[in-house]
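Encoded as structure tokens, the structure appears first; notes follow it.
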Amino acid sequence: MELAYYSDYAVRLVNSEEPKRGKDALTSVEAVRDLFGTNKEAARRATDADVTRFRSVRARLRAVFEAADAGDETLAVNLLNSLLLEFPVSPQISGHNFRDDDGRPLWHMHLADHPSNATAGYAAIAAMGLAFHLTEHGVDRLGLCEAAPCRNAYLDTSTNRSRRYCSDRCATRANVAAYRARKRLEADRSETTGHAADSAQRASASGER
């Protein structure tokens with residue numbers, strides 16, 4: 001499993017809440033377990049106590065994205081470093097479940113966590129994955145969706161660093177909103193121009209009399 005894969009853990013956790021909409025999907029131990037995806041063994045360690053702990057880690061991860069989105073590289077790195085120090089991992093070479101044509105393992109890097117609870121394990125791999133993405137691609141590749149009121153986190157993997165939205169749906173919504181705003185502005189300008197022309201015409205007619 002490539003280290004880049006783990007960065008998605010951070011995005012999934014951050015996006016379990018939509019603060020601007022007052023929505024929070026992280027309300028039960030089942031919701032916590034869902035965040036682990038296919039890692040069922042790690043998910044089984046989750047208990048009711050992890051709901052509160054996961055929310056705390058989520059707030060800290062969102063702060064990393066907010067700092068990056070605001071262009072404050074130093075703050076983003078410092079916040080992420082504090083998570084890495086608190087939730088360490090042990091990189092290991094692994095070859096499980098992968099075989100080449102000769103039946104030999106396909107070796108790859110794996111992050112082995114040794115957590116005291118499910119939150120510690122998840123936080124460790126999420127922070128490490130995000131750190132790998134940040135150092136490999138740059139702080140400006142961590143973003144928050146510009147389609148208000150969304151503000152979901154995303155990782156920009158575009159070739160020209162042009163991503164601004166968390167999904168195609170948000171991009172479409174933002175484009176439609178921008179189009180409608182332009183049309184309203186054009187209509188307002190047209191109406192203002194019409195009123196000005198009418199006033200000028202009345203003033204001209206009055207002067208001729």
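Consider region 143-156 and keep the residues that are modelled with pLDDT of 90 or more and not in a strand (DSSP E or B). The one that is farthest from His133 (Cα to Cα) is Pro149. Checking each residue in region 4-47 for being surrounded by 15 or more Cβ atoms within 10 Å (Cβ to Cβ), modelled with pLDDT under 95 and of a type in the set (Lys, Arg) picks out only Arg45. Among the conditions (1) at pLDDT below 85; (2) under 28 Å from Gly22 (Cβ atoms), Leu111 misses just one, which is (2).
Residues of region 82-108 being basic (Lys, Arg) and modelled with pLDDT of 80 or more, which ones? Don't jump to the end; show me each part of the working.
First, the residues of region 82-108 that are basic (Lys, Arg): 99, 104.
Scanning region 82-108 gives a single hit, Arg104.
Got at least one residue in region 158-174 being outside any helix (DSSP H, G or I), modelled with pLDDT under 90 and surrounded by 12 or more Cβ atoms within 10 Å (Cβ to Cβ)? Looking through region 158-174, at least one residue is outside any helix (DSSP H, G or I), modelled with pLDDT under 90 and surrounded by 12 or more Cβ atoms within 10 Å (Cβ to Cβ). Glu73 meets the conditions (1) without any contact (Cβ under 8 Å) to a residue 60 or more places away in the chain; (2) in contact with a helix residue (DSSP H, G or I) (Cβ under 8 Å, 6 or more places away or on another chain) in every case but one. The failed one is (1).
Look at Leu155 and say whether it is under 17 Å from the mean Cα position of the chain (by Cα) and either outside the structural domain of Leu13 (by TED's automatic domain parsing) or closer than 17 Å to Leu85 by Cα (or both).
Numbers: under 17 Å from the mean Cα position of the chain (by Cα): yes; either outside the structural domain of Leu13 (by TED's automatic domain parsing) or closer than 17 Å to Leu85 by Cα (or both): no.
Taking the combined requirement at face value, the residue does not satisfy it.
Looking at region 121-143, which of its residues are hydrophobic (A, V, I, L, M, F, W, C) and surrounded by fewer than 20 Cβ atoms within 10 Å (Cβ to Cβ)? Scanning region 121-143 gives a single hit, Phe132. When Ile93 is tested against (1) of a type in the set (Val, Ile, Thr); (2) crowded, with 20+ Cβ neighbours inside 10 Å; (3) farther than 30 Å from Arg164 by Cβ, only condition (2) is not met.
The values are calculated or read from the model by the stated rules, or taken from the named source; none is laboratory data. For clarity, every value in this text was computed on a predicted model and none was experimentally measured. Here Cβ is always computed from backbone atoms with ideal geometry, including for glycine, and neighbour counts include all displayed protein chains.
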